[in-house]
1. Dipole of the stretch 22-126 (Lys/Arg Cβ +1, Asp/Glu Cβ -1, origin at the Cα centre): which of Q46, I94, G69 lies farthest to the positive side?
2. Evaluate the charge dipole of the chain about its Cα centre and quote only its size in Debye, nearest 20, assuming +1 on the Cβ of each Lys and Arg and -1 on the Cβ of each Asp and Glu.
3. If you average 1/r over all unlike Cα pairs in the stretch 127-191 and invert the result, what Kirkwood radius do you get in angstrom?
4. How high is the relative contact order of the chain? Use alpha-carbon pairs under 8 Å, at least six apart in sequence, and give a whole percent.
5. Using the charge dipole of the chain (Lys, Arg: +1 at Cβ; Asp, Glu: -1 at Cβ; taken about the Cα centre), state which of L30, I338, L390 has its Cα farthest towards the positive end.
6. How long are the semi-axes of the ellipsoid equivalent to the stretch 1-116, from square roots of 5 times the Cα gyration tensor eigenvalues, in whole Å, largest first?
7. Could you order peptides 22-35, 86-99 by the average number of other Cβ atoms within 10 Å of their residues, highest first?
8. Out of every Cα-Cα pair in the stretch 14-81, what percent are more than 14 Å apart?
Amino acid sequence: MTARTGARKRDPNPFPANFAWGVATSAFQLEGSPHADWATWDSVLQAHPDVTNHYALYREDLKLLKELGVNAYRFSLEWSRIQPREDTWDEDAIARYQEIVDILLGYGIEPMATLHHFTHPRWFLERYPWHRDACRGKYLRFVEAMATKIRGVRSWITFNEPYVILLGGYLEGCMPPGLRDPKRSLQALRNIFICHGKAYDIIHAKVPHARVSVAHNMSVFSPWKRWNPLDRLLTRTAKHFYNTSIIDAFRTGTFVIKFPYSRPVEIEVPIKGKLDFFGVNYYTRIHLRFNPFRKMGVELRHLDIEGTGLTNVGWEVHPRGLAKVLRSASRLGVPLIITENGIATHDTERKTAYLKNHVDVIEQCLRDGLDVQGYYYWTLIDNYEWLQGLDSRFGLYQVDFETLARTPTQAAAYYAYLIENRSRL
Ligand code: GAL
């Protein structure tokens, strides 16, 4: 590593030749789905069930990728469109996703497919939710079908942000299945990671040279008041749970979940070493405060410490945090790929600065010898942002949700310029 680090330090451009310059999307956020659990979960979708109508406009949207000059694209295969009913496969939906892959390959863009990005077919969630062991067979049949039928995809994400599914779906109840049930959340965690381990093997058996990972949401955690021992204790607990426990589980095969003043919970899962790279979704820093009037005594806050203002979804912008989470993920000893990073803002100059500042941090990480192999900006065009609806504005291209027109922001031109300057294509 030292020789390579030395070489990169002197190199005016430390980005390796095969670095993936990409953007990331998810199908449901662009095109909705009448068969998905979320379609009836959120009233915003009743007025805009097709969201940006990417389902019909995908060919035009994929041209935007060419305009940007990216060499990589992360998208998801919407399970509820592919299996609208249990044991029914929609071959037209599959053919359309295959066409997306073929268009990408024709443009020289490497596809990365996400198999689960928060949404489910309604029948799955009603009959086989993640806390029931029967979920495994259903999810794995879907994985096997995709790995067999979709040709030309080497990079796969089995689950986007598994912890968000658990926190949102099983503890806060703000996402389907809408439970607040710690016991079931642990059963669901076990099933999701058993599924990851098995999906890893299935994809490798079907796809030559496959690269498989999860996309894990990592954040920086800090105490609200550094002098307050309870704020510091909460911060340590959150850091361990959110950032560290998953890394350790991929290293050892055991999840260890620690809560203050109680015995750790240990869950065995067959995932040791089942990663070819590690997908990191990074957005922000979170401050934690002990507050006895809040659930479990935890209050989360985003503070505008750098004075640039919080984003449209209320998050702090903290580029240096990206280096911290990458350093901590590097303990896994596999290549790192930033599978999501982006800002929700109407201010296009701010979007440009966000992009620049985060790519600068990656550049420094490469000079420091970290094995970072890709960056996917979130996201291509404005979309449906889960609990925040339609006006968060993460897109490089702005969408008018009435006319569905796509208009480039200044950040799109900047990203194209950045890719041209930093890549060695
Ligand atoms: C991630 C999620 C994406 C997107 C993004 C911005 O957590 O994977 O679907 O919503 O956040 O909030």
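Quick note: the coordinates plus some simple rules give every number you see, no bench work behind them. In this text, all values refer to a predicted model and were calculated from it rather than measured experimentally. Every residue, glycine as well, gets a Cβ built from its backbone with ideal geometry; the counts of neighbours run over all protein chains shown.
1. Most positive-ward Cα: G69.
2. Computed charge dipole of the chain: roughly 1940 debye.
3. Details: mean 1/r = 0.0780 Å⁻¹.
For the stretch 127-191, the Kirkwood estimate is 12.8 Å.
4. Values: 833 pairs, mean separation 75.2, N = 425.
Taking the mean separation of contacting Cα pairs over the length of the chain, I get 18 percent.
5. In the chain, that residue is I338.
6. Working: eigenvalues 247, 46, 42 Å².
So the three semi-axes of the stretch 1-116 are 35, 15, 15 Å.
7. Numbers: 22-35: 24.5, 86-99: 13.8.
Going by the mean number of other Cβ atoms within 10 Å, highest first, we get 22-35, 86-99.
8. On the way: 1448 of 2278 pairs.
Result: 64 percent of Cα pairs exceed 14 Å.
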